[in-house]
Amino acid sequence: MSSSTIQVKASTSPVGQVSTSGLVWQMARRDILTLFRTPWIIISRSMAFIIQLFVFAYFISGLVNYPGFFEYYAVGSVVAMVASISFIIGYDIFEEAEEGLLDYLLTLPVSRRQFIIGRALGGAVRSMIYIIPMFIIVALLEKFVNPVSIIAAVLDLFLLAFGVTGLSITMAVTVRSANRFDVTLALLDLAVTRVSTALYPLTKLPLYVRPIAPYSPVTFASTTVYDALVLTSLNAADLAGLIAFVAVFIVLGATIYFRRLEGGVYA
Amino acid sequence: MISFEKAGKRFGTLDAVKDFTLEIRDQEILGLLGPNGAGKTTLMLMMGTVYRPTSGAISVNGLDVVKHPNDVRKLIGIAFQDPRVDGILGAFDVLNWHLKMTTTLGKEERAERVEQVLRAVDLWDARKKRTWLMSGGMRKKVEDCKVLAQRPSIAVFDEPTAFLDVPSRLLMWKMIRELRDQGSTVIVATNMMDEAERLSERVAIVNRGKLVAIDSPEKLKSTTKGGEVLELTVGVGQQFPRELLAEFSEVQDVTQTENKVSVYLTSGRLLLPKIVETLTNRGVKIDSVHLKEVTLEDVFLNYTGQSLD
Ligand SMILES: Nc1ncnc2c1ncn2[C@@H]1O[C@H](COP(=O)(O)OP(=O)(O)OP(=O)(O)O)[C@@H](O)[C@H]1O
Ligand SMILES: [Mg+2]
């Protein structure tokens, strides 16, 4: 066995031409499919959502002196739910790293950038599928019928899902200790969703969170979604904030962190 | 061709691989033999772009693994030491997805290849069983099958027959050889002597992250100090004519304890009949002859100062 001129015969698989978009989509599809393997999660979460909305929100709207609070809370709940669910992908990737599956995924002919975009896309689409039942419930309750408003709201939600997924993945590949990761992600989830005006208007929030709450991506998303659905108007400033959030965590996350990414938890 | 040039990987303060220089030829089967923790897996994962070398350079078909990782990944298929399969999926889906990601094969061609390898390793009937419910050996076969079905131009197997029963080991070796015959360059990491010896054309012995020897198993054995030992039992009370054996250049030394004579040779197989004939002609009565060959294990021991068992 000597010369390096021996050509690899045609029987070896031609691999050069696997299309980029195809690979990104395959990565995304993998994450989306995990959702359908456990459909009862969607069902039970939707049930919990309905219960919370009716019992808790009706109760709370009596306490919070704010006109149209139920509507505000219902829309905000969907937005907060999208954010919380989008964080899950980070746990998935962290678990893959611990199990070693990440090493395998990193040997596939997918660039690191395709990898993060594919995973973020999969995570975002997954969150969207997940909240569809809840979105429908709220739309029916509040009689949102304007198709343009609904499309705009769905796009806003998707942007939020995409950005949070990117943030979550970035954390998963940056924080390498399991304990620290769980705590970091839980805190981030809490900070991003609770320190926002999704569920309560700014004036009803505790004083110490008021200075920061307007800058939470969840605030950007809930304001744009609320404005689209309830006021049928476009909130350009908050939309810009939302887009900036996505850009930072998808584009920067993909290029900066993933250039460093190696497999294995301790690598 | 794959080349490691003074490649190194440092984890914290530990040099898992150090100053590693080696060229792997196209379409050869190279065995990486080394004890636990020698750095075999680290070497392969650096080549496979999972780990980034912390010093030196590695190139695959002229492509630097750090500068062109995406191109390198297209050439390589790695079967991991401990199976890296999505536990919730069955064997068929695991392999099918792997081919989707690594080849341009259409749906039917993929199904065909997957069926072919799964039938070959006797897992076709279990193709839908979730891999996390499989036995260790079955799961390992699925891992190996990924690369066998993929047929990459560079196929890497990390301890491909760990957990496999004897017939399965032989089968796996056969399939790996066939993969090479179809055009792949094959790298096999192992800590099993027989695997290194029977499967590879060249064996690279790795110890503590360093390359300590590289050659064909035969060459490695023949260059090992001590060589082979011919043990003769001669009739009791006989004087053994040592000087007779001095005429053979392969004979390095002769020792005698009572009626047991040890003849140290560089290569004994061919010489054995001649020696017996010469002695018999001189009237030496030989009761028994035993040729102790150098094993790869002796070579290993010699280079690493440690035994594998
Ligand atoms: N991700 C990692 N982080 C820290 N140390 C590591 C990592 N991977 C490997 N090591 C260390 O590097 C050394 C070489 O490990 P490696 O897995 O390459 O050995 P090996 O030759 O494959 O051994 P085995 O035969 O047991 O599989 C070991 O000391 C190991 O502990
Ligand atoms: Mg190993």
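Residue pairs whose Cβ atoms lie under 6 Å apart, separated by 6 or more positions or on different chains, with the first residue in region A:209-237 and at positive phi and the second open to solvent by less than 30 Å² (accessible area, probe 1.4 Å), are A:THR232/A:SER149.
Output the residue which, of all residues in region B:10-24 that are within 14 Å of another protein chain (Cβ to nearest Cβ) and either touching a residue at least 40 places away in the same chain (Cβ under 8 Å) or under 22 Å from the mean Cα position of the chain (by Cα) (or both), is surrounded by the fewest Cβ atoms within 10 Å (Cβ to Cβ).
B:GLU23
Scanning region A:34-77 for residues that are open to solvent by 40 Å² or more (accessible area, probe 1.4 Å), within 24 Å of A:PRO217 (Cα to Cα) and either within 14 Å of chain B (Cβ to nearest Cβ) or of a type outside the set (Gly, Ala, Ser) (or both) gives A:ARG45, A:GLN52, A:TYR66, A:GLU71.
Each row is one residue, and each column tells you yes or no for (1) within 19 Å of B:VAL294 (Cβ to Cβ); (2) exposed (fewer than 14 other Cβ atoms within 10 Å of the Cβ); (3) within 14 Å of chain A (Cβ to nearest Cβ).
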site	(1), (2), (3)
B:MET193	yes, no, no
B:ALA196	yes, no, no
B:PRO217	yes, no, yes
B:VAL234	no, no, no
B:GLY237	no, yes, no
B:GLU243	no, yes, no
B:GLN256	no, no, no
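Would you call A:ILE89 open to solvent by less than 10 Å² (accessible area, probe 1.4 Å), more than 22 Å from A:PRO214 (Cα to Cα) and either within 14 Å of chain B (Cβ to nearest Cβ) or among the small types (Gly, Ala, Ser) (or both)? Considered against the rule, which asks whether it is open to solvent by less than 10 Å² (accessible area, probe 1.4 Å), more than 22 Å from A:PRO214 (Cα to Cα) and either within 14 Å of chain B (Cβ to nearest Cβ) or among the small types (Gly, Ala, Ser) (or both), A:ILE89 comes out as no. All of B:ILE76, B:ILE88 fail the test of being surrounded by fewer than 20 Cβ atoms within 10 Å (Cβ to Cβ) and either at the interface with another protein chain (Cβ under 10 Å from one of its Cβ atoms) or among the polar types (S, T, N, Q) (or both), apart from B:ILE88.
Out of the residues in region B:145-173 that are charged (D, E, K, R) and in contact with a helix residue (DSSP H, G or I) (Cβ under 6 Å, 6 or more places away or on another chain), state the one that is nearest to ligand 2 (Cβ to nearest atom). Result: B:ASP158. Taken over region B:94-105, the criterion of being more than 30 Å from the chain's Cα centre (by Cα) and either in contact (Cβ under 8 Å) with a residue 60 or more places away in the chain or open to solvent by 30 Å² or more (accessible area, probe 1.4 Å) (or both) is satisfied by B:THR104 alone.
Annotation: B:SER184 fulfils all but one of (1) more than 16 Å from ligand 1 (Cβ to nearest atom); (2) open to solvent by less than 20 Å² (accessible area, probe 1.4 Å); (3) touching an Asp or Glu at 6+ places or on another chain (Cβ under 9 Å); (4) in the same structural domain as B:GLY37 (by TED's automatic domain parsing); the unmet one is (3).
Among the numbered conditions (1) more than 11 Å from chain A (Cβ to nearest Cβ); (2) within 13 Å of ligand 2 (Cβ to nearest atom), the only one that B:ILE58 does not meet is (2). Count of region B:25-55 residues, restricted to those that are more than 16 Å from ligand 1 (Cβ to nearest atom) and open to solvent by 10 Å² or more (accessible area, probe 1.4 Å), is 3.
The values are calculated or read from the model by the stated rules, or taken from the named source; none is laboratory data. Not measured: the values here are computed from a predicted model. As a convention, Cβ positions derive from the backbone with ideal geometry for all residues, glycine included, and neighbour counts pool all protein chains shown. SASA here: full protein model, heavy atoms, side chains in, ligands and nucleic acids out. Shrake-Rupley method; radii C 1.70, N 1.55, O 1.52, S 1.80 Å.
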